[in-house]
Amino acid sequence: MAGKSLATQASHAERIRNGLARWRDVPPGVIPESIANEFMAKIKSGSTVRKLTGGGAYGPPMVSLDRFKKHCELHPAWAVEVWRISRKNVVSLKGARKRALTHCSFGHPLSGDNVYMYIAPGRHERKCRACLRRRADTPVLPSAEQIQRATAALNAGKSITEVCTGKVNNKRVSAPIFSFNKLKLLRAKNPEFHKFVLSSSVGSGSRAQMRRYRPEQARRETMRAETNDFYTIVGMVPAYLPSDVRDDIAQSILLALLDGSLRRDQVKGRVQQFITGHNRMFPTKFAKFGDSPLVSLDEVLFDDGSTTRGDTVSRGLWD
């Protein structure tokens, strides 16, 4: 503690008071020449306008933002030079923390042969090869949400490449759901999903070629396939049901396919579940036993009275 300066030992409140003391007896909106020169010196040494006027996490502001703006109005040449250097410093400070790192978060050196330079538009990053190999060799299983999204994408006819990279014909069209390594691990751990991927990828090569060279025809084929899917599902619903009920059940199945909660290879075996769910949501008007229509005990018997059907019941349920 003895080797530290008084400025380092001072508390945050004391530093603020010391910073405000220099502005006593200074007219509002004016920056003395000595402070303006000091401001320019700090800018040239690598600081920025935001740091010197913002305060907060950067410590007490050297100059208030209002005084700085007023000084820029009175001295435009000084303002142009300050802003030019400050913007240059901002660019150089971006990524400074990562550039200063010598090791990754797992302790591997970020130098020599262990460094992989990732270059993309607007991004130049150093990546640890040891960590990349570890993640490639021991991938983590996709989450349930990722599996559902991938199922919905494959149900919609999207390719495995689009699911894992988000690209179609080398053009980014969406965000990738998970990597090829995770898909490989999922297919090895889940044989049913592996069979689903195989069935959904049949003819994917020809569909990809059509999307590349005949996009308009591919769009029409997709619309036609969606219509055919609907009528195919309607054909799986028992014919004794009314047509509007069959359409509603088919719509529910299509929605389950689109949100990924149902795979295409599961449709035939789960039609009855959707019929049961529909009946629960929209019960029939006939009793379970017999053919008499169901009636409500709250129904009013006469138009000019308030007596309900329940009021006329003379025996209990268990009598």
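Looking only at residues in segment 81-100 that are surrounded by 11 or more Cβ atoms within 10 Å (Cβ to Cβ) and hydrophobic (A, V, I, L, M, F, W, C), the one that is nearest to L132 (Cα to Cα) is L93.
Taking the numbered list (1) among the β-branched types (V, I, T); (2) at pLDDT below 90; (3) surrounded by 14 or more Cβ atoms within 10 Å (Cβ to Cβ) in turn, V140 passes all entries but (3). Only one of the listed residues (V30, V26) is modelled with pLDDT under 80, β-branched (V, I, T), more than 24 Å from E14 (Cβ to Cβ) and part of a loop (DSSP other than H, G, I, E, B). That residue is V30. Just to be sure before I move on: is A77 closer than 30 Å to F39 by Cβ, surrounded by fewer than 14 Cβ atoms within 10 Å (Cβ to Cβ) and not assigned by TED's automatic domain parsing to the domain that holds D265 in the structure I sent? For A77, the condition - closer than 30 Å to F39 by Cβ, surrounded by fewer than 14 Cβ atoms within 10 Å (Cβ to Cβ) and not assigned by TED's automatic domain parsing to the domain that holds D265 - is met. Looking across segment 111-132, the residues that are assigned to a helix (DSSP H, G or I) and surrounded by 12 or more Cβ atoms within 10 Å (Cβ to Cβ) come down to N114, R129, A130, C131, L132. Scanning segment 253-273 for residues that are touching a helix residue (DSSP H, G or I) at 6+ places or on another chain (Cβ under 7 Å), assigned to a helix (DSSP H, G or I) and closer than 30 Å to M210 by Cβ yields I253, L254, L257, L258, D259, R264, D265, K268.
Could you tell me whether Q217 is over 20 Å from D265 (Cα atoms), in a helix (DSSP H, G or I) and either more than 27 Å from the chain's Cα centre (by Cα) or polar (S, T, N, Q) (or both)? The answer is yes for Q217. Applying the condition of being assigned to a loop (DSSP other than H, G, I, E, B) and aliphatic (A, V, I, L, M) to segment 170-190 and asking which residue is modelled with the highest pLDDT yields I177.
The values are calculated or read from the model by the stated rules, or taken from the named source; none is laboratory data. Not measured: the values here are computed from a predicted model. Using ideal geometry, Cβ is built from the backbone for each residue, glycine included, and neighbour counts are taken over all protein chains shown.
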